[in-house]
1. Kindly indicate whether residue 142 is on the phi > 0 side of the Ramachandran plot, within 23 Å of the chain's Cα centre (by Cα) and surrounded by 17 or more Cβ atoms within 10 Å (Cβ to Cβ).
2. Tell me which residues, restricted to the stretch 100-127, are within 25 Å of residue 162 (Cβ to Cβ) and surrounded by fewer than 18 Cβ atoms within 10 Å (Cβ to Cβ).
3. For the stretch 368-382, enumerate the residues that are part of a loop (DSSP other than H, G, I, E, B) and either out of contact with any helix residue (DSSP H, G or I) (no Cβ under 8 Å at 6 or more places or on another chain) or near the ligand (Cβ under 9 Å from one of its atoms) (or both).
4. Does residue 365 count as closer than 26 Å to residue 500 by Cβ and within 16 Å of the ligand (Cβ to nearest atom)?
5. Considering the stretch 223-240 alone, what residues qualify as being assigned to a loop (DSSP other than H, G, I, E, B) and free of Cβ contacts under 8 Å to residues at least 60 places away in the same chain?
6. Quick one: which strands (runs of 3 or more DSSP E) lie wholly within the stretch 77-175 and hold at least 1 residues that are closer than 26 Å to residue 29 by Cα, without any contact (Cβ under 8 Å) to a residue 24 or more places away in the chain and in contact with a strand residue (DSSP E or B) (Cβ under 7 Å, 6 or more places away or on another chain)?
7. Quickly run through the stretch 269-302 and pick out the residues that are within 16 Å of the ligand (Cβ to nearest atom), in contact with a strand residue (DSSP E or B) (Cβ under 7 Å, 6 or more places away or on another chain) and in a helix (DSSP H, G or I).
8. Are there any pairs with C-beta distances below 6 angstrom linking a residue in the stretch 288-314 that is under 23 Å from residue 194 (Cβ atoms) and assigned by TED's automatic domain parsing to the domain that holds residue 366 to a residue that is within 11 Å of the ligand (Cβ to nearest atom) and assigned to a loop (DSSP other than H, G, I, E, B), with the two at least 6 apart or on different chains, and if so which?
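The values are calculated or read from the model by the stated rules, or taken from the named source; none is laboratory data. Remember, it's a predicted structure, so these values are computed and weren't measured experimentally. Glycine also receives a Cβ, built like all others from the backbone with ideal geometry; neighbour counts cover every protein chain displayed.
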Ligand code: CS2
C-alpha cells in the first residue's frame, strides 16, 4: 500500500477531507511541545479548519505548527515520511448504534523535532522570529511541579539537570526558559506561552514555574519574561483514546494509503481560551474555539465534571474488570453513580456560567462517555493518579465539606483509587500502577495479596491516604474526620461486596450509611 504523502493525497476518496491550501507557504508561527495524540486531535484540528477556511487571507499561512517530542522519536519517525500529514478519525455511533467514522487528513503540522536528538534546534526555534506562540500538552507530570502546592520541584533530577545544562535541557520548563534567554539576547521580541493541559489556571501555573526557573538562571531574564510574555489560561476538551495497531490498520484500509500514526477523537470539541496574546494569534473561533476574558470558571467546570468523573469511572471500571469507558458506563449501577456524583456532589460547587444548562451538560457528558466507537481504555485514564487527583476531586471535596454537604460519592472516588492501588481487579487479574510516584504508592497502599476486609484496617488506609501530602498537601495536615470515615467505610464495601453492590448500597437511601454532617 502506498504511504500517506502530499503526492498520494489525490488518491484519497472524495469523502476524506484533505488540506487544499499551499502547505509550502505555511510559516512556523506555533511551536508545540508534546506533540501527542491529544494535540493532534485538538489544537491541530482547530488550527487546520482556520487555515482551510481562511486561506485567502495571507496571514492565515503564518500559523503552521512545528511539533516537539521531548522524549521519543516515534511520532517524528511515523510522520516524517508523510511530510507531517496524518489522519484524524472522528468516531461515534449511528442511530442504530453501529460505530462509524469520518476521516480528515490534517496538513498544518510542518515538521517534528525530537528534543534529545537536537536540543539546539528546539532552542533556536523558540527564539526564532517566526515563532509567536509556544504551546504545550506535556501532561500534568511534565510541569515538574508539586501538584498539591503548584511549586516547581527544584530537587527534580531533570530540573537540576536543566539548570546546569542550558544547551541541552530535558524538560519543557528548561527548554522554554533557555530558549527565551536566546530570544531576549537576539531581541526577537515577545512570545505567548500557552498551556493546553488539564490543570487549573494552567497559564498562571506555567508562568509561575517559568519565572521561578528563570530567576535561578538570571534575574534580568525573569523580569524580561514578565514584561514580554503572555500566558493565557485555557480549558481544552475532547476525548482522545490512544491509537491501537488495529485502528492504524483499519484507518489505512479506509484511506487506501498507509498512515503510520493516525489519531482518533470524538465529535465533541471545546476550547475556551483567554484572549491574551503577546504578538498575534490565529482566529481559532473559526474552528470552534471560544475566546474568553477569563477561563477559570470553564476550567473548574471541565476539570470537575469531565475529568473528575472520568477518573472515577477509570478506577471503579478497572477494578470491576471493565476495560473501556463505554463498557463501564453501560453498567446501570455505574451510570447511576456517575450521574448522582455530578448532580449532587459536583454541580453544587460549580461557579455560575451564564448560558450553560448544567442538566444538558451532564446528559451530554454521559452520552460522550457511552460512545462505543472510542474504546477508551480505563487504564489509560487511570494512569498518573497522583498528578490528576488534586485538581479533579479535592477542590470539590473541600467545597462540599465547607458547605456541610454530602461527600459520599466523592469519598467513593477516593476509595476507588485506594482500591485500584491494590493492584488487581475483582477477578484477581493484576495490572501495573503507572504513576511518577508509583513506587511510593505501592509501598504505602499496595495490599496484594491481603484484602482489606476489616473495617478498622480500611479506616487506617483511608487516614493514610488523606494524610498523604504529595496529593493532599495542606489538607493532609488535618484530615477531615468525616471524609476519612466515609472513605474507610466505602473501601470496606468495595473490598467485601465489589464495585456494583457497593454502588447499589450507597445509592439506596435505606442502606443506613450517611456521609452527611
Ligand atoms: C482523561 C482526559 O486521560 C485522562 O485523564 O480524563 O484525557 C480526558 O479524556 C480529556 O481531558 C477530555 O477532554
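1. Working: on the phi > 0 side of the Ramachandran plot: no; within 23 Å of the chain's Cα centre (by Cα): yes; surrounded by 17 or more Cβ atoms within 10 Å (Cβ to Cβ): yes.
Here the answer is no, as residue 142 does not meet what is asked.
2. We begin by selecting, within the stretch 100-127, every residue within 25 Å of residue 162 (Cβ to Cβ); these are 111-127.
Within the stretch 100-127, 111, 116, 117, 118, 120, 121, 124 qualify.
3. Across the stretch 368-382, the qualifying residues are 373, 376.
4. In short, yes.
5. The one that is assigned to a loop (DSSP other than H, G, I, E, B) and free of Cβ contacts under 8 Å to residues at least 60 places away in the same chain: 231.
6. Because the criterion is at least 1 residues that are closer than 26 Å to residue 29 by Cα, without any contact (Cβ under 8 Å) to a residue 24 or more places away in the chain and in contact with a strand residue (DSSP E or B) (Cβ under 7 Å, 6 or more places away or on another chain), no strands (runs of 3 or more DSSP E) in the stretch 77-175 meet it.
7. 298, 299, 302 - these are the residues of the stretch 269-302 that are within 16 Å of the ligand (Cβ to nearest atom), in contact with a strand residue (DSSP E or B) (Cβ under 7 Å, 6 or more places away or on another chain) and in a helix (DSSP H, G or I).
8. Correct list of pairs: 307/198.
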